[in-house]
Amino acid sequence: MHTDERQHAIVERLRADGRLDVRKLAADPAVSPETIRRDLRVLEHHGLVRRVHGGAYPVESPGFETSLAARTTHHIPAKRRIAAAAADLIGDAETVFVDEGVTPQLVAGALPTSRPLTVVTAALPTAAQLAALPSMTVILLGGRVRGRTLATVDHWVTAMLAGFVIDLAFIGANGISREHGLTTPDPAVASVKAQAVEVSRRRVFCGIHTKFGASSFCKFADVRDFEVIITDVGLPANEARRYTNTGPQVIRV
């Protein structure tokens, strides 16, 4: 197999299976682990994968985005810790925006139910989860539903958001980096997130450590736009300090 073919096959395997280690990627006896490591370095330089200790995982792009169902199987204990820490920051907020995605949905499930709260969201699963709670007033932003994430997008959503002033927004992203800010593969999704950032007084980013250092196609915010970043301890402490130096408090749980 030629180098280009082998690297294409690596990307396809990672997109199908998620994170894989070098040993599994080098299962073919004709390919050495060192060859795989060189391939991964090239693919990371091209923005297609992220290397981690012993392996790699795929980077989302306009041509590839994981489904909501797939995301519910990855890093769930860490995402639950992040969600609990995020919900603790609600303070005296009365209106909350909850972004699409698994971690924001877990944040929604951790919100206090002992007092009235208005939740604005584009995510159908989050709206359905909260609508039955007596203390919650849920505003579902109407628009085109993306089948991959079960969230609404396009101008209907951004027009509704533009009419609100929201106390606190819980925002997710496909990637966050000091160089490129917060990014996502789809321009329609980026527009919704950017509008939510624009109309919110306080903004909290919630995401696992694998999001850090990754960049996707569409930027929707800068790191300094956020009051707090919440992630797991998989993000090294020295890297967390670098993000703190740009403005937000970084909480590792």
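The values are calculated or read from the model by the stated rules, or taken from the named source; none is laboratory data. What you see is a predicted model, and the numbers here were worked out from it, not measured in a lab. Don't worry about glycine lacking a Cβ; one is built from the backbone with ideal geometry, like all the others, and counts go over all protein chains shown. When the accessible area is computed, the model is the full protein with side chains, heavy atoms only, and any ligands, DNA or RNA have been set aside. Shrake-Rupley method; radii C 1.70, N 1.55, O 1.52, S 1.80 Å.
Structural remarks
- Residue list for region 169-183, filter: closer than 23 Å to Ala87 by Cβ, assigned to a strand (DSSP E or B) and not aliphatic (A, V, I, L, M): Phe170
- Subset of region 82-93 (residues that are within 15 Å of the chain's Cα centre (by Cα) and either over 14 Å from Pro112 (Cα atoms) or in a loop (DSSP other than H, G, I, E, B) (or both)): Ile82
One line per residue, one yes/no per condition, for (1) within 9 Å of the chain's Cα centre (by Cα); (2) open to solvent by less than 10 Å² (accessible area, probe 1.4 Å):
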| position | (1), (2) |
| --- | --- |
| Phe170 | no, yes |
| Ile176 | yes, yes |
| Gly181 | no, yes |
| Ala188 | no, no |
| Ala196 | no, yes |
| Arg203 | no, no |
| Thr210 | no, no |
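- Selection from region 18-67 of residues that are under 22 Å from Asp186 (Cα atoms) and at pLDDT 80 or above: Leu43, Glu44, His45, His46, Gly47, Leu48, Val49, Arg50, Pro58
- Those residues of region 212-230 which are within 12 Å of the chain's Cα centre (by Cα) and assigned to a loop (DSSP other than H, G, I, E, B), in sequence order: Ala214, Ser215, Ser216
- When region 96-126 is filtered for residues that are within 19 Å of Lys79 (Cα to Cα) and of a type in the set (Gly, Ala, Ser), the ones remaining, listed by number, are Gly101, Ala108, Gly109, Ala110, Ala123.
- Filter result (open to solvent by 30 Å² or more (accessible area, probe 1.4 Å), without any contact (Cβ under 8 Å) to a residue 40 or more places away in the chain and either in a strand (DSSP E or B) or touching a Phe, Trp or Tyr at 6+ places or on another chain (Cβ under 9 Å) (or both)) within region 144-168: Val145
- Residue match in region 231-248 (condition: part of a strand (DSSP E or B), buried (at least 18 other Cβ atoms within 10 Å of the Cβ) and not polar (S, T, N, Q)): no
- Residues of region 1-57 classified as assigned to a loop (DSSP other than H, G, I, E, B) and either more than 25 Å from Pro236 (Cα to Cα) or touching a strand residue (DSSP E or B) at 6+ places or on another chain (Cβ under 8 Å) (or both), total: 14
- Residue match in region 115-128 (condition: touching a residue at least 40 places away in the same chain (Cβ under 8 Å), closer than 17 Å to Gly207 by Cα and part of a loop (DSSP other than H, G, I, E, B)): no
- Enumeration of residues in region 94-110 that are open to solvent by less than 10 Å² (accessible area, probe 1.4 Å) and not in a helix (DSSP H, G or I): Val96, Phe97, Val98, Asp99
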